[in-house]
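Some notes on the structure that comes next.
The values are calculated or read from the model by the stated rules, or taken from the named source; none is laboratory data. Computed from a predicted model, the values in this text were never measured in an experiment. Using ideal geometry, Cβ is built from the backbone for each residue, glycine included, and neighbour counts are taken over all protein chains shown.
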Amino acid sequence: MEIIRSRRSVRKWKNQPVEKKQIESLMEAIQKAPSAVNWQPYRFIFVDDSEKRKLVSQAAGQPNVTKAPLLVVGVANPKRAPRWYLVDTVIALTQALLVAYDIGLAGVIIGAFDENKVKAALDIPEDQVVPLILALGVPDEKPRPIVRKSMEELFRLMITANQ
């Protein structure tokens with residue numbers, strides 16, 4: 001739970017590449033993520049090339065993304081799981097983000113970007129969907145804690161067992 005409690009979005013990274021072992025851990029986290037009916041209607045592109053990162057950064061309108069040493073781009077196939085492709089892809093990327101913090105990386109989820117520009121930059125087929133991108137690296141900032149809604153605001157409990 002400590003990772004869940006302490007994780008914050010990081011938008012500033014040290015100028016050092018993500019290690020191969022860390023990339024392998026991220027890949028395993030994604031591979032092991034749950035998906036509806038185990039369809040796994042996604043693929044993921046790991047990008048460390050500076051020119052490709054610059055193109056994705058421009059598509060997102062976020063210059064800081066260029067400085068993220070690694071981007072993980074989720075590519076979903078709507079035909080593979082029409083009802084679940086987005087949910088499954090987001091679950092897998094969220095799982096990777098949490099593992100990133102466990103292995104000394106940090107990052108931010110990018111959900112606002114020009115999808116067609118990302119597809120063009122990374123040669124992603126038109127019939128695929130790019131729901132999210134993770135920008136990751138070794139953090140070079142420690143964001144301040146943020147105030148979250150209270151448990152009372154977030155939850156309505158209708159539990160009768162074990163009370």
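Each row is one residue, and each column tells you yes or no for (1) touching a strand residue (DSSP E or B) at 6+ places or on another chain (Cβ under 6 Å); (2) small (Gly, Ala, Ser); (3) on the phi < 0 side of the Ramachandran plot.
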residue	(1), (2), (3)
LYS14	no, no, yes
GLN22	no, no, yes
ILE45	yes, no, yes
SER50	no, yes, yes
SER57	no, yes, yes
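Of the residues LYS14, LYS32, which is touching a residue at least 60 places away in the same chain (Cβ under 8 Å), closer than 15 Å to ASP88 by Cα and of a type outside the set (Gly, Ala, Ser)?
LYS32 is the lone residue from the list that is touching a residue at least 60 places away in the same chain (Cβ under 8 Å), closer than 15 Å to ASP88 by Cα and of a type outside the set (Gly, Ala, Ser).
Restricting the range 51-61 to residues that are under 14 Å from LEU122 (Cβ atoms) and touching a residue at least 12 places away in the same chain (Cβ under 8 Å), which is surrounded by the fewest Cβ atoms within 10 Å (Cβ to Cβ)?
Per the criteria, the residue is LYS54.
Considering only the range 9-39, state which residues are in a loop (DSSP other than H, G, I, E, B), in contact with a Lys or Arg (Cβ under 8 Å, 6 or more places away or on another chain) and surrounded by 12 or more Cβ atoms within 10 Å (Cβ to Cβ).
Across the range 9-39, the qualifying residues are LYS12, TRP39.
Yes or no: the range 74-82 includes at least one residue that is touching a residue at least 40 places away in the same chain (Cβ under 8 Å), under 23 Å from PRO139 (Cβ atoms) and touching an Asp or Glu at 6+ places or on another chain (Cβ under 8 Å).
no
Out of the residues in the range 40-50 meeting the condition of being free of Cβ contacts under 8 Å to residues at least 40 places away in the same chain and not in a strand (DSSP E or B), tell me which one is surrounded by the most Cβ atoms within 10 Å (Cβ to Cβ).
By that ranking, first place goes to ASP48.
For the list (1) touching a Leu at 6+ places or on another chain (Cβ under 7 Å); (2) modelled with pLDDT under 95, I need the number of the one condition that VAL47 fails.
So VAL47 meets the others, but not (2).
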